[in-house]
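This report refers to the structure that appears directly beneath it.
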Amino acid sequence: MKRFIALLLILSVLAVSGCAGKKEETTVPSDISSSSSSPVSSGEVPESPDIPVSSDIPDSSDIPENSDIPESSDIPVSSETEEEKKPLEVVSLEYAVRKEFDDFYLFYAAKVHNPNDMYSVMMPVFSLTMKDKEGKVSEISSGPLCDIAAQDTQVFAGACIITAEDIEELSFSFREDMGHDYVLQNDSGVPYAEDLNVTDAEKTGDIKYEARITNLSPVSFSSLKVMVIYRKDGKLVSVDTRTIDGLEPGDTENFYIESWFKGFEYDEAEILVRPV
């Protein structure tokens, strides 16, 4: 019995030492099929499986264009851009004071420019104020003037009675709280000063002139104001005004104007016409 147990021990030792000296091999059973989704330990990159393309995704050529979105060339671009509205500018102011009959008269001529490129100024209201030698300031004349076209210059001349002979300071300004509306020149139809063209002016009396006026604008006028500015040695000495009948586009009419002021001498007379 002891001999049998010793034999078993020897056989066990031999079996263990044989297993330790032999490399272990792993075999895959033939009944296990390889899967493309199983991880591969050999380091090889598996080919990507064939992914079916969904038929629900349309080609770009099949996507309809949105007809509601206009092309940039179809979007209208305004030819008018907003312009800052500028006030009228008084370019120059001439005046003279003289006694006629039993009153003192102020004769004045203001040259006014509209600096706006796009806007006519409609019905501006002027204010003529004076300061006497005592420092008293008073408004001596005020009222609406004719419309002034964009980038145009108009002359406003007249005469009024004042109470003081000596004027320390005279100013011609515009009332921002009245009138002074801005309208696009293309919409306003306001004519330019040069559209009322005075020609063939002729002196036919001591202080009387005859001339012709032509309406070069497309605008009809119900009445017009004639202004004559008299100067001596380049300085204003008197002003006369007269309202005459209007003109249709393209029409020409003769007119005359005679001063009822007599107490002055002059060597130059400037005749202007503007809408009333």
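Results, tabulated for the structure shown:
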read-out: Shape category assigned to region 77-235 from the gyration tensor of Cα positions, a/c cut at 1.5; value: oblate
read-out: Subset of Lys136/Lys235; Lys85/Lys111; Lys85/Lys136; Lys208/Lys235; Lys131/Lys235 violating a 31 Å alpha-carbon distance limit; value: Lys85/Lys136
read-out: Total charge dipole magnitude, region 123-231, about the Cα centre, Cβ charges on Lys, Arg, Asp, Glu only, Debye to nearest 20; value: 260 debye
read-out: At most 12 other Cβ within 10 Å, DSSP loop - trypsin sites (Lys or Arg not before Pro), region 230-271; value: Lys262
read-out: Segment Glu258-Leu184, extension gain: residue separation times 0.36 nm, minus the distance between their alpha carbons; value: 22.8 nm
read-out: Ser127 long-range amide H proximity, modeled H, under 5 Å; value: Ser173, Phe174, Arg175
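Coordinate-derived values only; no laboratory data. In this text the structure is predicted, and so the values were computed from the model without any measurement. Here the Cβ is made from the backbone with ideal geometry for all residues, glycine too, and neighbour counts use every protein chain on show.
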